[in-house]
Amino acid sequence: MSNLDMAEAVRMLANEKGISVDTLLQVLVEALATAYKKRPGAADEVIVEINPDNLDMRFTAYDLDDDGNWVNERDDTPKKDELGRIAAVTFRQVMSQRIREAERDRKFEEYANREGDIVTGIIQQIDKRYTLLDAVA
């Protein structure tokens with residue numbers, strides 16, 4: 001799959017989940033950083049950058065010195081086949097979790113100003129703190 005195909009897939013997924021492309025790209029960055037750290041020989045810290053137009057990725061890695069400062073900046077962008085199975089599973093789990101959180105946040109924002117209104121819907125989840133309702137329009 002080319003990067004342009006991936007960019008289109010990101011746009012389609014964002015549209016399907018009802019979240020912005022920027023939010024989904026931030027989720028992707030967090031998932032890639034987490035997956036990178038599972039890789040053998042990974043640096044202590046990493047900053048992942050993604051070009052939103054073509055999804056080119058850059059991993060800037062850092063080591064930590066004894067005082068906790070980031071040192072030894074270097075480009076450590078892995079090849080697509082270098083992350084491995086554990087990193088791929090971690091990436092998938094983090095992506096799924098972050099997408100669910102973004103969807104929940106979007107739903108909360110959508111209905112936050114309707115407090116006190118009577119709505120019709122289907123209860124999706126009940127927790128001690130809240131009830132998640134999928135309201136019928």
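The values are calculated or read from the model by the stated rules, or taken from the named source; none is laboratory data. All of these numbers come straight from a predicted model, not from anything done at the bench. Glycine also receives a Cβ, built like all others from the backbone with ideal geometry; neighbour counts cover every protein chain displayed.
Observations on the model:
- Residue match in the range 76-96 (condition: under 30 Å from Leu132 (Cα atoms), of a type outside the set (Lys, Arg) and touching a Lys or Arg at 6+ places or on another chain (Cβ under 6 Å)): yes
- Screening Leu83, Leu133 for residues that are at pLDDT below 80 and either more than 27 Å from Glu30 (Cα to Cα) or in contact with a His (Cβ under 8 Å, 6 or more places away or on another chain) (or both) leaves exactly one candidate, Leu133.
- Residues in the range 1-49 that are in contact with a strand residue (DSSP E or B) (Cβ under 9 Å, 6 or more places away or on another chain) and outside any helix (DSSP H, G or I): Ala42, Ala43, Asp44, Glu45, Val46, Ile47, Val48, Glu49.
- Taking the range 66-75 as the range and being outside any loop (DSSP other than H, G, I, E, B) and more than 16 Å from Tyr36 (Cβ to Cβ) as the test, only Val71 passes.
- Pairs meeting the criteria (first residue in the range 94-109 and touching a residue at least 60 places away in the same chain (Cβ under 8 Å), second residue surrounded by 13 or more Cβ atoms within 10 Å (Cβ to Cβ) and of a type in the set (Ser, Thr, Tyr), beta carbons under 6 Å, at least 6 apart or on different chains) are Val94/Thr34; Ala102/Thr23.
- When the range 50-65 is filtered for residues that are over 18 Å from the mean Cα position of the chain (by Cα), assigned to a strand (DSSP E or B) and surrounded by fewer than 13 Cβ atoms within 10 Å (Cβ to Cβ), nothing remains.
- When the range 11-24 is filtered for residues that are buried (at least 17 other Cβ atoms within 10 Å of the Cβ) and out of contact with any Lys or Arg (no Cβ under 7 Å at 6 or more places or on another chain), the ones remaining, listed by number, are Ala14, Thr23, Leu24.
- Filter pass, Arg106 being modelled with pLDDT of 80 or more, surrounded by 12 or more Cβ atoms within 10 Å (Cβ to Cβ) and touching an Asp or Glu at 6+ places or on another chain (Cβ under 7 Å): no
- Odd one out for Pro78 among (1) assigned to a loop (DSSP other than H, G, I, E, B); (2) of a type outside the set (Ser, Thr, Tyr); (3) modelled with pLDDT of 90 or more: (3)
- Criterion (of a type in the set (Lys, Arg) and in contact with a strand residue (DSSP E or B) (Cβ under 8 Å, 6 or more places away or on another chain)) met by exactly one of Arg114, Arg106, Arg58: Arg58
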